[in-house]
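Beneath this line is the structure, given in structure tokens, with notes to follow.
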Amino acid sequence: TKLLRPYFAFEKVLRGLFDITTELFGVRYERISDVPVWHESVETYDVYEGPQRIGRFYLDLHPRKDKYTHAAASILVRGTRETALPQAALMCNFPDPKDGPALMEYLEVETLFHEFGHLLHAMFGGHGRWIKNTDDGIEWDFIEAPSQMLEEWIRDPPTLRRFAHHHETGEPVPAEFLSKLRRADAVSRGLDTQRQLVLGTLSLEYYDRDPAALETTELLEATYRRFPLVPFHPGTHFQCNFGHLNGYSAIYYTYMWSLVIAKDLFSKFQEGKTILDPTVARRYRETVLAPGSRKPAAELIEDFLGRPLSFDAFENWLDREGR
Ligand SMILES: [Zn+2]
């Protein structure tokens with residue numbers, strides 16, 4: 001990541017994200033300045049499709065005192081046809097161009113694309129008749145799929161090289177760095193997946209039985225034993241530090257399930273000679289993003305893929321480790 005940072009100046013990355021999503025989805029973003037915002041550093045953009053304004057978003061992307069310290073996309077207005085355009089905001093903490101060259105980590109670039117995926121889902125899905133069909137009604141085990149899928153565009157070297165230019169020399173990031181990155185990205189993929197399976201299994205099994213008889217540490221150990229790549233350390237009590245057990249309760253699996261869906265959706269983009277084919281992207285937008293929750297996610301996915309969801313793309317991705 002040290003090698004890569006000089007190629008990820010914040011402003012270039014943001015412009016790259018805007019260009020790529022403009023090309024894919026046929027929208028454009030217009031910066032506006034005459035609306036009230038909660039802090040002077042917040043940028044506001046209107047989203048246009050041709051002459052038509054279809055939504056508005058706010059970017060609050062740099063740290064400041066007492067601000068939220070993670071990264072999230074928040075829906076501010078759930079759009080509905082003829083009554084309100086959708087509005088959303090990104091709250092993140094990326095390096096600030098005010099303080100210097102603002103070089104991002106690779107994982108921060110990934111986060112920006114991820115959160116922008118949520119934001120676009122809100123922009124495109126906020127035009128239905130009922131408010132319940134916006135993000136409010138979208139299944140939890142699908143809602144991370146569009147965001148995780150948008151990350152894929154930075155894993156594609158030709159796409160990344162369009163905006164990853166050295167902040168001093170302007171040179172695109174060398175192909176050699178990207179092949180290193182690809183290998184590094186695959187390291188411990190099996191282990192990470194099993195770790196997610198441990199968490200997903202734990203979260204379900206703590207909630208699917210009578211709590212009176214539940215021995216949480218015993219169940220913890222038994223769960224670890226089912227996934228042999230992840231070591232269990234006797235005498236430890238990870239469950240006490242598993243924050244998602246509140247809030248996510250039994251459905252931690254949604255992260256992994258959304259990833260399976262994201263890989264499968266993305267496989268459609270990989271069938272063409274470029275993943276920037278606007279025809280595929282527009283169809284994805286129309287069939288998967290625009291309907292919100294008007295249909296079950298499984299049907300939206302099938303509408304786009306022309307077949308039911310499959311594990312093949314996910315399995316291929318797992319198989320690629322180390323090659
Ligand atoms: Zn997310």
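The values are calculated or read from the model by the stated rules, or taken from the named source; none is laboratory data. Just so you know, these numbers come straight off a predicted model, no measurement behind them. Because the Cβ atoms are built from the backbone with ideal geometry, glycine has one as well, and the counts that use them run over all protein chains shown. Surface areas here come from the heavy atoms of the whole protein model, side chains and all, with no ligands, DNA or RNA. Shrake-Rupley method; radii C 1.70, N 1.55, O 1.52, S 1.80 Å.
Values for this structure:
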{"item": "Residue match in the stretch 297-316 (condition: in contact (Cβ under 8 Å) with a residue 60 or more places away in the chain and either of a type in the set (Lys, Arg) or open to solvent by 40 Å² or more (accessible area, probe 1.4 Å) (or both))", "result": "no"}
{"item": "Which listed residue is among the β-branched types (Val, Ile, Thr) and without any contact (Cβ under 8 Å) to a residue 40 or more places away in the chain, from Thr193, Thr216", "result": "Thr216"}
{"item": "Filter result (surrounded by 14 or more Cβ atoms within 10 Å (Cβ to Cβ), within 22 Å of Ser293 (Cα to Cα) and away from the ligand (no atom under 16 Å from the Cβ)) within the stretch 50-83", "result": "Ile54, Gly55, Arg56, Val77, Arg78, Gly79, Thr80"}
{"item": "Single residue of the stretch 84-105 satisfying the filter (in contact with a strand residue (DSSP E or B) (Cβ under 9 Å, 6 or more places away or on another chain) and open to solvent by 20 Å² or more (accessible area, probe 1.4 Å)) that is farthest from the ligand (Cβ to nearest atom)", "result": "Pro101"}
{"item": "Any hit, the stretch 162-177, residues being within 16 Å of the ligand (Cβ to nearest atom), over 17 Å from Leu276 (Cβ atoms) and not in a helix (DSSP H, G or I)", "result": "no"}
{"item": "Within the stretch 178-216, tally of residues that are assigned to a loop (DSSP other than H, G, I, E, B) and within 19 Å of Tyr255 (Cβ to Cβ)", "result": "4"}
{"item": "Answer residue from the stretch 106-157, given it is part of a helix (DSSP H, G or I) and hydroxyl-bearing (Ser, Thr, Tyr) and is nearest to the ligand (Cβ to nearest atom) among those", "result": "Ser147"}
{"item": "Residue that is surrounded by the fewest Cβ atoms within 10 Å (Cβ to Cβ) [pool: residues in the stretch 11-48 that are among the β-branched types (Val, Ile, Thr) and within 24 Å of His166 (Cβ to Cβ)]", "result": "Thr22"}
{"item": "Among residues of the stretch 121-148, those that are surrounded by 24 or more Cβ atoms within 10 Å (Cβ to Cβ) and hydrophobic (A, V, I, L, M, F, W, C), counted", "result": "4"}
{"item": "First in the stretch 232-255 and in contact (Cβ under 8 Å) with a residue 40 or more places away in the chain, second anywhere and of a type in the set (Gly, Ala, Ser), Cβ under 6 Å, 6 or more apart", "result": "Ala250/Ser203; Tyr252/Gly200; Tyr252/Ser203; Tyr253/Gly200"}
{"item": "The stretch 164-182 - residue that is charged (D, E, K, R) and in contact (Cβ under 8 Å) with a residue 12 or more places away in the chain and, of those, surrounded by the fewest Cβ atoms within 10 Å (Cβ to Cβ)", "result": "Glu168"}
{"item": "Within the stretch 72-118, tally of residues that are of a type in the set (Asp, Glu) and either within 22 Å of Gln148 (Cα to Cα) or within 16 Å of the chain's Cα centre (by Cα) (or both)", "result": "4"}
